[in-house]
1. Can you give the FRET efficiency for residue 332 and residue 305, using 1/(1 + (r/R0)^6), R0 = 35 Å, r = Cβ-Cβ distance, to the nearest 0.05?
2. Could you give the Stokes-Einstein D for the range 170-319 in µm² per second, using the C-alpha Kirkwood radius, 10 °C, 1.306 mPa s?
3. As an exercise, use a Förster radius of 35 Å and the Cβ-Cβ distance of residue 567 and residue 508 to find the FRET efficiency, rounded to the nearest 0.05.
4. Once all Cα-Cα distances of the range 302-345 are split into 10 Å bins that start at 0, what whole-number percent is in each one?
5. In debye to the nearest 20, how big a dipole does the range 372-491 give about its Cα centre with +1 on each Lys and Arg Cβ and -1 on each Asp and Glu Cβ?
6. Normalized C-alpha radius of gyration of the chain, against 2.2 N^0.38 Å?
7. Return one whole number: the accessible area per residue of the range 369-475 in Å², for a 1.4 Å probe.
8. Residues of the range 577-614 with the amide nitrogen closer than 19 Å to a label point 7 Å from the Cα of residue 553, along Cα-to-Cβ, please.
Amino acid sequence: MKNAVIGNNKQKANLIVLGAVPRLLYLLQQETSSTELKTECAVVLGSLAMGTENNVKSLLDCHIIPALLQGLLSLDLKFIEACLRCLRTIFTSPVTPEELLYTDATVIPHLMALLSKSRYTQEYICQIFSHCCKGPDHQTILFNHGAVQNIAHLLTSVSYKVRMQALKCFSVLAFENPQVSMTLVNVLVDGELLPQIFVKMLQRDKPIEMQLTSAKCLTYMCRAGAIRTDDNCIVLKTLPCLVRMCSKERLLEERVEGAETLAYLIEPDVELQRIASITDHLIAMLADYFKYPSSVSAITDIKRLDHDLKHAHELRQAAFKLYASLGANDEDIRKKIIETENMMDRIVTGLSESSVKVRLAAVRCLHSLSRSVQQLRTSFQDHAVWKPLMKVLQNAPDEILVVASSMLCNLLLEFSPSKEPILESGAVELLCGLTQSENPALRVNGIWALMNMAFQAEQKIKADILRSLSTEQLFRLLSDSDLNVLMKTLGLLRNLLSTRPHIDKIMSTHGKQIMQAVTLILEGEHNIEVKEQTLCILANIADGTTAKELIMTNDDILQKIKYYMGHSHIKLQLAAMFCISNLIWNEEEGSQERQDKLRDMGIVDILHKLSQSPDSNLCDKAKTALQQYLA
């Protein structure tokens, strides 16, 4: 059987169909079977698992994993190795659920104990761990069972395969895990610290796979806060190594992994972004990611070519991700990226690719570049980026929507020339729809974009927003549990209520509800920023010609303004002062009656007190207000 199935997928499938698997598992578990027989069974099962994904599914359906794990309790090393080899093949298949390794709590400690048995147990167990460690829960289980101490000394093993699998283990253990990363920094192996060992494994004379994986270990430790971003091992070793991986000479997978890891390394750090952007002409080098494969004739390996054509989209995704990280903060880098040949056209094409991952990466890249005022006014306009963006927003998955709507916020800033065409293409309805999303990030972006849209806008646009959003939805957002949503909704109200005719018009139709909302917020348990925004909205209302009366006839609101004038927080005192100044301004009709009413409430006494304030701003405002009474 063994000789028939090796390297022959058809034979493997035949044997499985004929029911060989349950029989082999039966022999494997029989106490009367000799060790040689059990070992041969494990070898055949391992060979069957090497076939197609369907083969692996058939093996899983026959409960092969518990049977093999049971086999690990044997005392015979050859049999243990055969079981581990088969387990390794099954666990590295995408159809096997990782959880199967963790269902029985005795398995992990037993595997740790087997690590010392032979170089094969070391290789297979490390490979199983690195494939089955997905997410913080798995990391914690492995960490608590001594993975770091048990695997560290394998980095100096004589076997390259063992060193490599140990290294992979550390990369998955350290990923986004401060606890593991902080531990790794201080681990000594043969008198050398782990980071130093990783740096040695980065050197150019080491195999590419080893360079890449150690660069990942150092990257993950750096992002988890265990190594500083200005440490030499990052700036002089890890970063240049990852840039090298992006060059034309590397295989497709290496270029993808190199670019994605580098994007992750430099994402939060401006200095690393600047260094990367001038290392080995990286920005130009990434442009090659879009011209793949460059010359078909040069590629002799047809299988390789076929594989690469199927995976070329991964290169584009990686390039977009790295461009997004490079351009996250620095204006000059953004300019360099946009000036790279046909860059904007490539991104725009990326927005409509069939692969969701490429679309997401292209949107992220655009979003990163849209933080530039200059680019919004030039390149974004020349390429009418808003058109494909609006298309992306129609029916995309949430993760794309969040980034695309963030970018729309930038395109709707008052200085952006895209603002007009976006409005005409039905953006108001789209954004009002986002404010009703379950996802708080989408609600924030929807309302934020509306806030930018309403800034210094004409009456018609403001009316459109109010009509589309509906007052019910506006007030629902004002009681949203997410603070960002509340702040942006107040910002929207403030922008809607600016310039006199607009204030009077909106207050004449929605005045009662808006005053109710303002009262509720000023009475609620909210932070200083929220109350300050709300008082600024009142100050805007007080600036209206007819809208003023809604405040003057509302004693409850007047008492609240008076209360905030004497508040301990200067920001709130200032905001309340704006309201008063707008109400008592002399040149306006009815100012005498308003001044008298406020004097009777004791406002003048408070103004006298505030004119002695140590805060110069508050003191000036109070004096100016008092002059209105004297004029």
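1. Taking R0 as 35 Å, the efficiency between residue 332 and residue 305 is 0.40.
2. 99
3. Plugging the Cβ-Cβ distance into 1/(1 + (r/R0)^6) gives 0.70.
4. The distribution over the range 302-345 is 25, 41, 22, 12, 1, given as percents.
5. Working: 10 positive and 13 negative charges, 39 e Å.
The calculated dipole for the range 372-491 is roughly 180 debye.
6. Here the Cα radius of gyration is 1.30 times the empirical estimate.
7. 41
8. Answer for the range 577-614: 583-584, 589-598.
The values are calculated or read from the model by the stated rules, or taken from the named source; none is laboratory data. From a predicted model like this one, the values you see are computed outputs, not experimental measurements. Note that each Cβ is placed from the backbone with ideal geometry, even for glycine, and that neighbours are counted across all protein chains shown. All accessible areas refer to the heavy atoms of the entire protein, side chains included, with ligands and DNA or RNA removed. Shrake-Rupley method; radii C 1.70, N 1.55, O 1.52, S 1.80 Å.
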